[in-house]
Structure formats: C-alpha cells, structure tokens
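Undergrad: Sending over a structure as structure tokens; questions will come in a sec.
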Amino acid sequence: MIRQYELVEKVRSYDADVDERLLDRAYVFSLKAHGNQKRYSGDPYFSHPLEVAGILTEMKLDGATIATALLHDTIEDTLATRSELEGMFGAEVAQLVDGVTKLSQIELASESHEQAENFRKFVLAMSNDIRVLLVKLADRLHNMRTLHYVPDADKRRRTAAETLEIYAPLAERIGMQSMKNDLQDLAFMELYPDARESIVTRLGYMAKKAGSIRARVVKQLKKKLKDNGIKAEIISRQKQPYSIWGKMQRDDISFESLSDIMGFRLVVEDVEACYRTLGIVHAAWQVVPGRFKDYISTPKRNNYQSLHTTVIGPERQRIEVQIRTREMHDVATYGVAAHWGYKQKAGKVDGTQYRWLQELLEILEEAESPEEFLEHTKIELYTDQVFCFTPKGELTVLPRGATPIDFAYAVHTDVGNSCVGAKVNGKFVPLRMRLKNGDQVEIVRSKAQTPQSAWEGMVATGKARSAIRRFLRNSGQGEFAALGESVLRQSFSRVGYQAKDQNFEEARRALHYKSLKNLFAEVGKGNVTPLQVLEAQFPGVSFDGKKLELDNGEPSNGADSVLVRGAHPGSAVSLAECCFPLPGDRIVGIIVPEAGMTVHTIDCETLESMIETEDRLVDVSWDPKAMETGMHPSSITIRAINEPGALGKIATLVGKNRGNMTNLKMQERNLQYFSMNIDMEVKNAKHLTNIVAALRTLGVVESVERVRG
Ligand code: MN
C-alpha cells in the first residue's frame with residue numbers, strides 16, 4: 001500500500017502548487033470512514049481507493065481528482081454524506097465524489113429497458129465534468145485487476161462484459177489508449193481465457209523469431225534519422241492480444257498474416273520533424289499504397305494525432321510506422337488526462353470539448369425512447385470513422401458504414417430531409433452506398449422529397465436515424481394512431497373488456513409511453529401487439545393469444561414469432577435462408593408478393609440484386625428480446641489443413657463455445673486442404689462472431705467466413 005507521504009510526494013512531483021493539506025485530509029478521512037471493511041482479497045478496503053488514486057497520479061491528474069479518488073466510495077459504502085464532504089473538502093471535490101457515486105449506482109448491465117434508461121443517466125452524469133469518468137475508469141481498472149478474487153463466476157463475467165462493452169470504448173473515446181488496452185486485456189482474460197492464452201503464446205513465439213530483424217530495423221532507422229539530423233525516440237509497438245482477437249472477429253485474417261507485421265513509433269521534436277521523418281522513411285523503403293494516414297492535419301474524434309504509414313522493410317517484411325511529437329504521444333496514451341500535464345491551470349476541462357459527447361447529448365434530446373437512444377449510442381461507440389469532404393472541401397467525420405444520407409444529415413437536418421440523390425467524387429451513386437475515406441460528397445436536393453422509411457436501415461449515424469424517425473413519426477403518426485386505437489378497442493372487447501381510455505392507462509405506463517397516442521401509433525405500426533397491451537393492462541391474467549391473432553387477421557407465424565419490429569401488421573415474416581440473419585445483425589425486410597415479408601441482413605448479396613425496387617424494402621429492426629431468445633440457424637465456410645484430427649478440433653471448439661452444429665457439407669478436399677460448410681445454431685450475431693474468431697486461433701484453420709447470401 002502506498003503511504004500518505006508517498007502519495008503527496010508523487011502529486012507534488014508534477015504539480016508543485018498542489019494543496020497538500022487537502023490530500024492529507026482526504027487520506028485520513030477515507031481511512032477512518034472505511035474502518036475495518038475488507039475487500040474480497042482480504043485486504044483492508046482502504047487499499048482500493050488508495051490504488052485508484054495511485055493510478056490517477058500516473059496520469060498526472062490534479063489534486064481535486066486525486067482527493068476524489070481517495071473519497072470515491074465513501075458516500076456509497078460508509079456513513080459519510082455529500083454535505084459532510086462539502087463542508088470538509090469544498091464544493092468541487094464534493095461534486096466530483098457525488099458524480100462518481102451516481103455513475104457507480106447506475107447498473108448498466110441490467111434488463112434492456114432499464115439498461116437504456118441507465119445509460120442515458122450515465123452519459124448525463126459524466127458530461128458535466130469529464131474527471132468523474134476518469135476516476136470511474138481508474139476505479140474499474142483496479143476492480144478488474146482484482147476481479148479474480150470475486151468468488152461468484154457469473155458476477156465476474158458480467159463485470160468483464162460490461163468493461164468490454166461500455167468502459168473500454170469510453171476510455172478509447174477520450175483517447176486513453178493504455179487504459180483501454182489494460183481494461184480489454186483483463187476482461188479478455190476473464191471471458192475467453194483459452195483464446196487469449198493461444199494468442200499470447202503465439203505472439204511470444206513470433207516476437208522471438210522476429211527479434212533479430214527488429215533490432216536491425218531499429219538500427220537502420222536510427223542511422224537514417226541521425227544522418228538527417230533528426231532526434232527521435234524509437235519505440236517498438238506492442239501488439240495487444242485483444243485487438244488481434246478483434247481483428248480476427250472482423251476480418252478473415254489468419255494469425256500469421258497479422259503477426260508478421262512489425263510496428264514502430266517514432267517520437268520526434270516537433271510537427272515539422274514529423275513530416276521530414278515521413279519523407280526519410282518513404283525515401284528509404286518502398287511504400288505500401290493506401291496505408292498512409294495523416295491524423296496530424298485531421299485528428300481523430302478523440303483528438304488523436306499522428307502520421308501512419310506502412311513500408312516494405314529491409315528484409316521484405318511489412319513495417320508499420322507511426323510518427324508523432326512527444327505531446328501527441330502523451331495524448332495518444334493518456335488522452336484527455338494528458339491535458340492536465342500540458343495545460344495545467346487552464347481551467348476546468350469538461351465534456352463539451354468532445355464532439356462525440358455533444359452528439360450523444362443531442363441524440364438524447366431527440367430520441368423518443370431510451371431504447372432508441374441506446375441503439376444509436378452503442379453503434380457510435382463501436383464503429384470506426386471515415387473522413388469525407390463537402391464540395392467546398394470542408395471536413396465531415398462520420399462513422400464507418402455511413403452513407404450519403406448520413407452525410408446529408410451531418411451537414412444539416414434540412415439537407416437530409418430534402419435529399420434525393422448524391423454525387424460522390426463527381427458521379428451519381430445509390431444512396432445506400434457506403435462512403436470511403438477521402439470521398440467528396442455532393443447532396444442533390446429537392447423540395448418535393450421527404451425521408452423514406454427505408455432510409456433508416458441505410459444510415460449509420462444516430463443523428464440521421466433519429467431525424468428520420470422523428471420526421472416519419474410526425475408525418476404518419478395520426479394515421480397509425482387511429483388504426484392502432486381501433487385494433488386495440490376491438491381486441492379488448494373480444495376478450496370481454498370494455499375499452500375505455502382509462503383502460504389503456506395502466507398499459508401505457510407499464511410499456512413506458514409518453515402518451516396514449518404514442519402507444520396507439522406503435523400498435524398501428526405493428527411494433528406492439530394487442531396481446532402485449534392486454535398483458536400490461538391486466539398483469540397476471542392469461543389471454544387466449546390465438547383468438548386475438550386470428551381476430552386481427554394475423555397469421556400465426558407473424559412478426560412476433562421471429563421477434564422483428566417494424567413489420568406491417570398482418571404480414572407474415574420469415575428469415576431469409578441465403579444470409580441467415582441473426583439477432584444483432586442490421587436487417588431489412590423485403591416484401592415478396594403473396595408470401596409476406598422476408599428478412600435479410602443489410603449486406604446480403606442476394607438483396608443487392610433486388611434493390612431496383614426500393615419501395616419493396618421495409619425498414620425493420622430486431623426486438624431487443626430476440627438477443628436472449630432461443631437459438632438461430634447460421635452457416636459458416638471453413639478452410640482448414642487436411643490432417644488427421646483437424647475436424648475433431650474444429651467440432652470440439654464449436655461445442656466448447658456452445659454452438660450447436662446441425663449439418664456439415666464438404667465442398668472440396670485435396671491432399672493439403674479441405675473446405676466445408678458448417679450449419680450451426682447460435683444465440684445471436686455476437687455469439688457467431690466469437691465462434692468464428694475462436695476458430696481462427698486454431699493452427700489448422702486457414703480461413704473462416706460467415707455465409708452471407
Ligand atoms: Mn470503487
């Protein structure tokens with residue numbers, strides 16, 4: 001355990017003016033308040049806030065943040081109150097501790113409706129002062145470091161999953177690369193110990209093999225830079241096991257092709273030296289086209305700056321080089337926390353300087369329901385970004401997968417609402433086309449145009465999606481509400497209830513709608529069934545669902561049975577057997593005359609050939625319940641080395657990951673390789689992605705791909 005004077009010394013080493021008495025008092029107060037509480041490890045509880053404070057001193061954070069770290073669990077876990085803290089430590093610290101307490105009380109990994117609402121509160125709480133999030137992240141990091149002491153395995157898994165889904169992406173968004181890496185690795189260790197083990201072992205092996213080449217590359221780099229009068233620190237880049245796992249999930253990449261790439265960081269004196277160094281590297285070795293990125297002139301959304309390039313090195317191997325100044329390097333490692341080092345006393349740094357956080361807040365205001373908000377924000381937290389330009393050359397940053405419609409809405413809501421077409425790099429393109437880095441986008445507008453519901457399935461930004469939804473909601477709301485209301489009244493009377501307005505009031509509250517009109521409209525659109533309303537209105541009473549459905553003219557394999565939202569009421573819904581859509585995939589429905597609606601994944605290749613008639617497309621989404629309900633068919637293609645036991649290894653791994661193999665079909669087999677189709681049932685898209693990635697870690701496996709139409 002760090003001692004009191006050591007902590008104070010550490011803070012004073014980077015901030016000479018720190019209020020030492022504040023730190024001393026916070027230390028003593030927390031020590032006393034936690035008394036003889038214990039951690040699962042058996043250590044005194046106080047060791048935890050102390051370690052959290054220690055983590056934050058490594059990021060050179062200010063005195064108020066360190067005091068907050070020491071006190072962060074006192075309101076929640078001891079008798080201390082906010083007003084007591086305010087009296088002793090002042091308003092700033094009390095407010096920070098209160099903010100951290102609020103974040104901690106928000107249970108993010110709970111049931112879906114609450115999860116969404118809670119995430120909303122979470123964003124609000126941290127947007128006031130980003131330091132609240134810094135303390136919370138340090139708190140989570142220490143809890144993850146001591147996670148193995150927690151006896152309950154379910155609880156460990158929940159904590160690790162939440163860390164991966166919420167905290168690591170947040171750390172990345174505020175640019176804290178090393179925090180993100182640590183959190184991911186610890187969670188990876190808990191969730192997929194076998195996969196991590198196999199990646200770490202192979203990384204060690206590769207590193208050993210590459211050691212001498214690496215040393216020669218460093219020597220050559222050093223000499224070339226020195227000859228040109230550039231002072232540089234050369235850092236070999238560490239590959240993160242979790243990011244390799246992530247790449248294996250996303251792309252069909254075998255382990256070897258990932259690991260023989262060498263990475264170096266060159267930290268130089270100033271921006272000018274960055275570009276000169278780039279020139280030297282490009283002159284010395286052959287450049288790999290398409291890999292150069294200038295994040296100095298266009299920083300990433302989390303303020304990351306650096307030059308990236310890839311060259312073919314002295315021994316024909318690929319070398320990734322990142323070039324940056326010391327300040328850029330610190331920002332890349334510590335993110336927002338680095339500001340305290342460089343801009344000390346520059347005043348409060350709050351969330352508003354982060355555009356993504358501001359965007360979250362905007363979506364928060366526009367979203368109709370908490371689920372809608374969660375859906376948008378989760379997408380935005382996970383996706384990477386593309387840089388596009390207006391015809392005048394202004395930069396617009398969009399998440400990967402964005403289309404011209406996203407671009408139009410990013411410019412202005414009115415531009416989006418009146419968009420009829422788009423030119424990319426001077427050529428007309430379909431509106432569903434995904435934008436690429438460097439695209440110049442011109443939006444063609446018409447006053448006669450209004451947003452189409454199919455657009456919703458084509459956009460990647462929460463801003464566009466919520467604007468489209470709002471427009472559709474406001475335009476068609478009246479009709480849907482009238483339809484829904486009459487359907488409801490009929491259904492109620494069929495099962496023997498008089499349908500008065502107050503009869504629906506209970507249901508409205510239970511289903512979380514702002515007004516009866518909203519509820520009616522959702523019923524009218526087929527997003528909520530009369531049975532759901534009945535059950536919400538009269539909890540505990542059981543209804544004859546069949547009778548209700550028949551009365552509505554809904555076939556029994558209606559939208560409910562496949563848990564899809566947004567289908568037209570009364571249309572039969574089935575899942576396409578070309579692309580096997582899974583809960584969690586982005587999906588779109590297509591109307592097949594006489595047969596109802598078939599649901600495809602949005603990138604299904606079969607779909608591509610049918611899109612001439614966009615009016616047949618229906619925008620649909622998964623009901624959140626689908627993620628946790630039952631098993632769903634899917635299919636993968638696998639290519640593996642033809643050796644004894646290979647098939648057994650594959651089957652064992654699938655079983656171990658709880659996939660349910662239903663059919664095998666050998667496609668090709670020769671002396672070296674075989675390739676085959678495996679049909680299997682899985683829970684959802686993420687489950688399948690995990691199985692595919694796990695298969696890619698197997699030595700016998702060459703490639704694995706999900707079948708997509
Ligand atoms: Mn804590």
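Undergrad: Using a Förster distance of 35 Å, how high is the FRET efficiency between S703 and F292, based on the Cβ-Cβ distance and rounded to 0.05?
TA: Details: r = 28 Å, r/R0 = 0.79.
It comes to 0.80.
Undergrad: For L96, L137, which order do you get if you count the other beta carbons within 10 Å of each Cβ and list the fewest first? Numbers along the way, then the final one.
TA: On the way: L96 25, L137 28.
Fewest-to-most ranking of L96, L137: L96, L137.
Undergrad: Give me the extension gain from E58 to E327: residue separation times 0.36 nm, minus the current Cα-Cα distance, reported in nm with one decimal. Let's see the in-between values first.
TA: On the way: separation 269, 0.36 × 269 = 96.84 nm, distance 1.59 nm.
The E58-E327 span can extend by a further 95.2 nm.
Undergrad: Could you tell me which of the pairs K102/K136; K300/K463; K60/K136; K136/K683 are separated by over 21 angstrom between their Cα atoms in the structure shown? Write out the running numbers ahead of the final one.
TA: On the way: K102/K136 10 Å; K300/K463 19 Å; K60/K136 16 Å; K136/K683 32 Å.
The answer is K136/K683.
Undergrad: Using only the alpha-carbon atoms, what does region 1-100 span along each of its principal axes? Please give whole angstrom values in decreasing order.
TA: 33, 30, 19
Undergrad: So if I take the centroid of the Cα atoms in region 1-40 and the same for region 638-657, what is the distance between those two points in Å?
TA: 54 Å
Undergrad: What are the ³J(HN,Hα) values, in whole Hz, obtained from phi via the Karplus relation 6.51 cos²θ - 1.76 cosθ + 1.60 with θ = phi - 60°, for each residue of region 147-161 in sequence order, with x given for Gly and Pro?
TA: Per-residue couplings from phi come out as 4, 5, 7, 5, x, 7, 5, 4, 5, 4, 5, 4, 4, 5, 5 Hz.
Undergrad: On to the next question. Under 5 Å between amide H atoms, partner at least 5 residues away or on a different chain: which partners does T325 have, H built in plane at 1.01 Å?
TA: Excluding prolines and chain starts, which carry no amide H, the hits are V268.
Undergrad: Calculate, for R12 and R250, the FRET efficiency according to 1/(1 + (r/R0)^6) with r their C-beta to C-beta distance and R0 41 Å; round to the nearest 0.05. Let's see the in-between values first.
TA: Details: r = 45 Å, r/R0 = 1.10.
Once rounded, the FRET efficiency stands at 0.35.
Undergrad: Ok, one more. Using θ = phi - 60° and the Karplus form 6.51 cos²θ - 1.76 cosθ + 1.60, what ³J(HN,Hα) does each residue of region 283-289 get, whole Hz, x for Gly and Pro?
TA: 6, 7, 10, 6, 7, 7, x
Undergrad: Where does region 205-249 land on the Kirkwood hydrodynamic radius, alpha-carbon pairs, in angstrom?
TA: Working: mean 1/r = 0.0793 Å⁻¹.
Hydrodynamic radius (Kirkwood, Cα pairs) of region 205-249 is 12.6 Å.
Undergrad: Can I ask one more? Show the residues, 5+ positions off or on another chain, whose built amide H is closer than 5 Å to the amide H of R445.
TA: V420
Undergrad: Assuming R0 = 30 Å, can you tell me the calculated FRET efficiency for the pair A651 and D603, based on Cβ-Cβ distance, to the nearest 0.05? Don't skip to the answer; put the middle values down first.
TA: Details: r = 28 Å, r/R0 = 0.94.
Between A651 and D603 the formula returns 0.60.
Undergrad: From the phi angles alone, apply the Karplus equation (6.51, -1.76, 1.60; θ = phi - 60°) to region 18-26 and give each ³J(HN,Hα) in whole Hz, x where the residue is Gly or Pro.
TA: 4, 6, 5, 5, 4, 5, 4, 5, 5
Undergrad: Describe numerically, in nm with one decimal, the distance between label points set 7 Å from Cα along Cα→Cβ at D43 and at C578.
TA: The answer from the label model is 5.7 nm.
Undergrad: Subtract the Cα-Cα distance of V28 and T662 from 0.36 nm times their separation in residues, and report this length gain in nm to one decimal. Please list the in-between numbers first.
TA: Values: separation 634, 0.36 × 634 = 228.24 nm, distance 6.22 nm.
Length difference between fully extended and current span is 222.0 nm.
Undergrad: Non-local amide H neighbours of M661 (under 5 Å, H modeled in plane, Pro and chain starts lacking H): which ones?
TA: So M661 has HN proximity to E681.
Undergrad: Continuing with this model, one more query. What span do the alpha-carbon atoms of region 649-698 cover on each of the three principal axes, reported in whole Å from largest to smallest?
TA: The principal-axis extents, from largest down, are 34, 22, 17 Å.
Undergrad: Something else about it: Which order results if Y409, Y40, Y275, Y167 are arranged by neighbouring Cβ count within 10 Å, fewest first? Display every interim value, and only then the final one.
TA: Details: Y409 28, Y40 12, Y275 16, Y167 24.
Fewest-to-most ranking of Y409, Y40, Y275, Y167: Y40, Y275, Y167, Y409.
Undergrad: Where does each of F428, F188 land when they are ranked from fewest to most other beta-carbon atoms within 10 angstrom? Each step should come with its number before you reach the end.
TA: On the way: F428 10, F188 24.
Taking fewest neighbouring Cβ atoms as first place, the list is F428, F188.
Read-outs: derived from the displayed coordinates by stated rules, not from any lab. Worth saying up front: this structure is predicted, and the values here are computed from it rather than measured. FYI the Cβ positions are ideal-geometry reconstructions off the backbone, even for glycines, and counts take in every protein chain you see.
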